[in-house]
Amino acid sequence: MWLKMYILFTIITSLVCYLILKWMKKRRYCTDLKRLDGNTVLITGGNAGIGKETAVALAMRGARVIIACRDVDKAEKAVREIKIRGHNVNVHHMELDLANMCSIRDFCKTFLQREKRLDILINNAAMPSVLDWTEDNFSMCFGVNHLGHFLLTNLLLGHLKASAPSRVVTLTCSNYKYQKLDFQDLNYNLLPFFTYCRSKLANIYFSQELDRMMEGKGVTAYAVHPGYVQSSWTYHYSILFRMLMQVIMFMFFVPCEMGAQTVVYCAVSDEAAKHSGGYFTDCRPATLRSFARDAGVAKKLWEASERLVNLA
Ligand SMILES: NC(=O)c1ccc[n+]([C@@H]2O[C@H](COP(=O)([O-])OP(=O)(O)OC[C@H]3O[C@@H](n4cnc5c(N)ncnc54)[C@H](OP(=O)(O)O)[C@@H]3O)[C@@H](O)[C@H]2O)c1
């Protein structure tokens, strides 16, 4: 009797857990099948994770895809894979280290000379929660995730405007809500998780201000939270943490292909274009906390960033 009840209890509990996990992992797919023939797409960090899956999806739609990566070997390997899976030979890589302002400027110089247009820029690359410094003495998360993409986008704006209607999709994270920016210490580098959160909040302000500045110029901007995704970000951490995360990711996180869906949605969909400047997740606009919608802070961050990267 007790054994039967125990077995029944185990079966029911497992079923409930399975259904909860399935529900948690349920995500929407981008259903807009627009072709991108003749369009040029640039994806930072397209050699791994969400960036690589985005590259495959956009290559499938016929775009010329360029992945901008810091590691040439990884980039070459990824290009081969994207070509095969995307059924498109028009896939290329260029060298870019977002942790180095000289590298960004060199990259943009070559890109502007070599490429006639830029229709979609995807600011995807990022460093997870790590405490380190970039070549230019910015905290690693703020320097790569925000300032690197800030400089890159600004140097490529001419091409984006000339190719209008064009789009800039910037990857952020719902963890933005755990921190606020401190303008006395934008390079905050104390608690690893908080440095990441701040850089992802900066991505949101950047996207909003870019949208405001580009109003009427045919360049639209989107900030995307891709969901929690089984990508390769854990390789920056110890083996123990990686093993633990493998289990957690397997149970709760979605595959990279799924993580790329909202990015692709913002890159192609007419529906998304109606909400330019917005924050998106699960292939639809989402609501931000009020402090992350503060246009004054977004403008202040833009101006501070211009000074930091010597753009002004
Ligand atoms: N995974 C998630 O659960 C999750 C959740 C929310 C938001 N996001 C966001 O989604 C985006 C993609 O993340 P992911 O999960 O796909 O991460 P990932 O698998 O770790 O890929 C990150 C990419 O960024 C590149 N990168 C890092 N530093 C760089 C630098 N200095 N210069 C150029 N490229 C650099 C990496 O290149 P290497 O291979 O050379 O390191 C890699 O290609 C990020 O913006 C992340 O913040 C992810």
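Do we have Thr172 as at pLDDT 95 or above, closer than 21 Å to Ile43 by Cβ and in contact with a Lys or Arg (Cβ under 7 Å, 6 or more places away or on another chain) here? Spelling it out, Thr172 is indeed at pLDDT 95 or above, closer than 21 Å to Ile43 by Cβ and in contact with a Lys or Arg (Cβ under 7 Å, 6 or more places away or on another chain).
Within segment 98-114, the set of residues being within 26 Å of Ala162 (Cβ to Cβ) and surrounded by 14 or more Cβ atoms within 10 Å (Cβ to Cβ) comprises Leu98, Met101, Ser103, Ile104, Arg105, Asp106, Phe107, Cys108, Phe111, Leu112.
Scanning segment 123-182 for residues that are in contact with a helix residue (DSSP H, G or I) (Cβ under 9 Å, 6 or more places away or on another chain), of a type in the set (Gly, Ala, Ser), open to solvent by less than 10 Å² (accessible area, probe 1.4 Å) and more than 8 Å from the ligand (Cβ to nearest atom) yields a total of 3.
Just one of the numbered conditions (1) open to solvent by less than 60 Å² (accessible area, probe 1.4 Å); (2) out of contact with any Gly (no Cβ under 7 Å at 6 or more places or on another chain) is not true of Thr281: (2). Would a scan of segment 288-304 turn up a residue that is in a loop (DSSP other than H, G, I, E, B), open to solvent by less than 30 Å² (accessible area, probe 1.4 Å) and among the charged types (D, E, K, R)? No - not one qualifying residue is present in segment 288-304.
Could you please find all residues in segment 246-272 being at pLDDT below 90, part of a helix (DSSP H, G or I) and open to solvent by 20 Å² or more (accessible area, probe 1.4 Å)? Once the filter is applied, which keeps residues that are at pLDDT below 90, part of a helix (DSSP H, G or I) and open to solvent by 20 Å² or more (accessible area, probe 1.4 Å), segment 246-272 yields Gln246, Val247, Ile248, Phe250, Met251, Phe252.
State yes or no: is Glu209 among the charged types (D, E, K, R), surrounded by 14 or more Cβ atoms within 10 Å (Cβ to Cβ) and within 12 Å of the ligand (Cβ to nearest atom)? For Glu209, the condition - among the charged types (D, E, K, R), surrounded by 14 or more Cβ atoms within 10 Å (Cβ to Cβ) and within 12 Å of the ligand (Cβ to nearest atom) - is not met. Pairs are defined by a Cβ separation below 6 Å, a sequence spacing of at least 6 or placement on different chains, a first member in segment 96-110 that is within 17 Å of Gly46 (Cβ to Cβ), and a second member that is open to solvent by 20 Å² or more (accessible area, probe 1.4 Å) and away from the ligand (no atom under 13 Å from the Cβ); the pairs so defined are Cys108/Leu155. In segment 212-237, what count of residues is obtained for those that are open to solvent by 70 Å² or more (accessible area, probe 1.4 Å) and either assigned to a loop (DSSP other than H, G, I, E, B) or at pLDDT below 95 (or both)? Here the count works out to 6.
The values are calculated or read from the model by the stated rules, or taken from the named source; none is laboratory data. Small disclaimer: the values here were computed from a predicted structure and weren't measured. Cβ atoms come from the backbone with ideal geometry, glycine included; neighbour counts cover every protein chain shown. The area values use the complete protein model at the heavy-atom level, side chains included, leaving out ligands, DNA and RNA. Shrake-Rupley method; radii C 1.70, N 1.55, O 1.52, S 1.80 Å.
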